[in-house]
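S.K.: Encoded as structure tokens, here's the structure I'll be asking about.
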Amino acid sequence: MELWQEMLRQSVDSGKDLVERFGFDKEISEKLNSLFHTRINPYYLSLIRTPGDPIWLQCIPDARELEEDGLPEDPLAEDSHSPVPSIVHRYPDRVLFLTTSQCSMYCRFCTRKRKVGDSSKINMKYIQDGIDYIAANPQIRDVILSGGDPLMLTDFLLERVLKGLRAIPHVEIIRLGTKMPCVLPQRITPKLCRMIKKYHPIYVNTHFNHPWECTLEAKRACEMLADAGVPVGNQAVLMKGVNDDAAVMLELVRKLLTMRVRPYYLYQADITKGTNYFRTPVSKGLEIMDALRGHTSGLAIPAYVIDAPGGGGKIPILPQYVIGRAGHQIILRNYKNEIFTYPDVEEKSEATSSPVEQQFMRKRKNGKNHPEPEKVEVEL
Ligand SMILES: *Cc1c(COP(=O)(O)O)cnc(C)c1O
Ligand code: SF4
């Protein structure tokens, strides 16, 4: 058994552990466990400094998960974009491929609580269906292995999946969405890196949320991936009490760069049942983005996105930098709130701004003042 597997076996993961080690009421701990697994491996557990701190909040169950919040279990409507159980196909050219339901730690804010931890929802027999679906759909050029955590698979099984995908000519890139570098960096071994290297181009997106997670062990894991030629990105989730603070976020993104990890997304928290207590106002996210841009390396700045409820995909949101227009002058502000104007180019042609406006102009020229709107599908 490899070290990481041994560590997993020593995880805190039952109601009994919660009662005995963390003083939970027996009944509450049973309820919490029946809603969503608890699993905290000894490495991640060791990062806790005091009860209720940002590490604790992410991994220790909380009675607030039981609140009747009226939020959906599947806010991103993933199940309705799922042609086979292991695939979420929302965008034209790329898919999520769910290869396991298991994670090395169960994050209390997980958006996929309805599936994760439940091995009847995602299992090996679905993996071949997923590969077959990707093979049959030539528009798919980017496959994101997700779950659960695909690095919960053994090297042997993961290699079978990668090999299967690489046998499909239209699959250009493969991404691994894994929390391992953050929660169980011991999973990143020389053997794993040697295997992954054979299937390039492989990208990894990992998931650090707080600077305390940037340990020497985590740094080593990220460097090993980078040395194996894998570009490593980070997807963080904005959470109350964890990282809803500009100074904390600034420290996190800077530390990530020193670990050769490029911040990729900062997610506004999803509206997932049982996670409401983590949500922050969008204004907080905008304030944090405003405190990053210009104040530190552009490389350190993730895109702040809202994953649209109902399954519209990720929508970027930015602080307002364009303050207005005066004739052909665009009025802008910089990171210090100083005002600048930029003389925009005057186009003589109809190419005004957006494609929608251009299309509108073309139709007007053809004699239609009110062009028929394109067919709009709204899914509720
Ligand atoms: C996030 C996501 C992707 C990948 O989106 P990128 O913006 O390309 O990183 C693909 N499919 C689904 C369903 C997703 O949620
Ligand atoms: S690692 Fe990802 S899928 Fe697993 S519990 Fe955490 S957020 Fe959910």
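S.K.: Let me check against my output: what whole-number percent is the relative contact order of the chain, with C-alpha pairs under 8 Å and at least 6 apart?
M.R.: Working: 666 pairs, mean separation 49.9, N = 380.
Here the relative contact order equals 13 percent.
S.K.: How big is the accessible area of Glu73 in square angstrom, nearest 10, if you roll a 1.4 angstrom probe over the protein chains?
M.R.: 110
S.K.: While we're here: Excluding ligands, DNA and RNA, what is the solvent-accessible area per residue of the chain at a probe of 1.4 Å, expressed in Å²? List each step's numbers first, then the result.
M.R.: Details: 18800 Å² over 380 residues.
Ligands and nucleic acids excluded, the result is 49 Å² per residue.
S.K.: Let me ask something else about it. Of Thr215, Thr341, which has the most accessible area and how do the rest follow, probe 1.4 Å? Show your work: numbers first, answer last.
M.R.: Working: Thr215 25, Thr341 85 Å².
Most to least solvent-accessible, the answer reads Thr341, Thr215.
S.K.: What is the percent of Cα-Cα separations in the range 1-157 that go past 23 Å? Intermediate values should be presented prior to the final figure.
M.R.: On the way: 5507 of 12246 pairs.
Cα-Cα pairs in the range 1-157 separated by more than 23 Å: 45 percent.
S.K.: Lys/Arg Cβ at +1, Asp/Glu Cβ at -1, dipole of the chain taken about the Cα centre: which of Thr296, Val171, Leu18 is farthest positive-ward?
M.R.: Going by the Cα projections, it comes out as Val171.
S.K.: With a cap of 16 neighbouring Cβ atoms within 10 Å, and only residues DSSP puts in a loop, list the chymotrypsin sites (Phe, Trp or Tyr not before Pro) found in the range 260-305. The partial results should precede the final answer.
M.R.: Working: sites: Tyr264, Tyr265, Tyr267, Tyr277, Phe278, Tyr304; in loops: none.
Listed in order of number, the matching sites amount to none.
S.K.: Okay, moving on. With every protein chain present, what accessible area does Asp129 have (1.4 Å probe, heavy atoms only), rounded to the nearest 10 Å²?
M.R.: Solvent-accessible area, nearest 10 Å²: 60 Å².
S.K.: Of the trypsin sites (Lys or Arg not before Pro) in the range 1-54, which ones lie in a loop per DSSP and count no more than 11 other C-beta atoms within 10 Å? Please list the in-between numbers first.
M.R.: On the way: sites: Arg9, Lys16, Arg21, Lys26, Lys31, Arg39, Arg49; in loops: Arg39, Arg49.
Qualifying residues, ordered by number: Arg49.
S.K.: Turning to a different aspect of this structure: Once you have all Cα-Cα distances for the chain, histogram them in 10 Å bins from zero and send the whole-percent values.
M.R.: 5, 20, 29, 25, 13, 6, 2, 0
S.K.: Moving on. Could you state the number of Å between the C-alpha centres of the range 159-226 and the range 51-66?
M.R.: If you average the Cα positions of each part, the centres end up 27 Å apart.
S.K.: Counting Lys +1, Arg +1, Asp -1, Glu -1, what net charge surrounds Arg141 among other residues with beta carbon under 9 Å of its beta carbon? Walk me through the intermediate numbers first.
M.R.: Details: positive: Arg94; negative: Asp93, Asp142, Glu172.
Local charge sum for Arg141: -2.
S.K.: What is the distance in Å between the Cα centroid of the range 1-49 and that of the range 250-295?
M.R.: Cα centres, the range 1-49 to the range 250-295: 27 Å.
S.K.: Set the bar at 18 Å for Cα to Cα. Now go through Lys219/Lys255; Lys113/Lys273; Lys163/Lys314; Lys179/Lys219; Lys31/Lys240; Lys113/Lys179 and name every pair that lies beyond it.
M.R.: Values: Lys219/Lys255 9 Å; Lys113/Lys273 9 Å; Lys163/Lys314 29 Å; Lys179/Lys219 13 Å; Lys31/Lys240 23 Å; Lys113/Lys179 15 Å.
Result: Lys163/Lys314; Lys31/Lys240 exceed 18 Å.
S.K.: At 1.4 Å probe size, with the rest of the protein present, what percent of the exposed accessible area of the chain is carbon and sulfur atoms?
M.R.: On the way: 10330 of 18800 Å².
C and S atoms contribute 55 percent here.
The values are calculated or read from the model by the stated rules, or taken from the named source; none is laboratory data. Here the structure is a predicted model, which is why all the values come from computation and not from measurement. In this analysis, Cβ positions are derived from the backbone assuming ideal geometry, glycine residues included, and neighbour counts consider all displayed protein chains. Note: accessible area is taken over every heavy atom of the protein model, side chains too, but ligands, DNA and RNA are not part of it. Shrake-Rupley method; radii C 1.70, N 1.55, O 1.52, S 1.80 Å.
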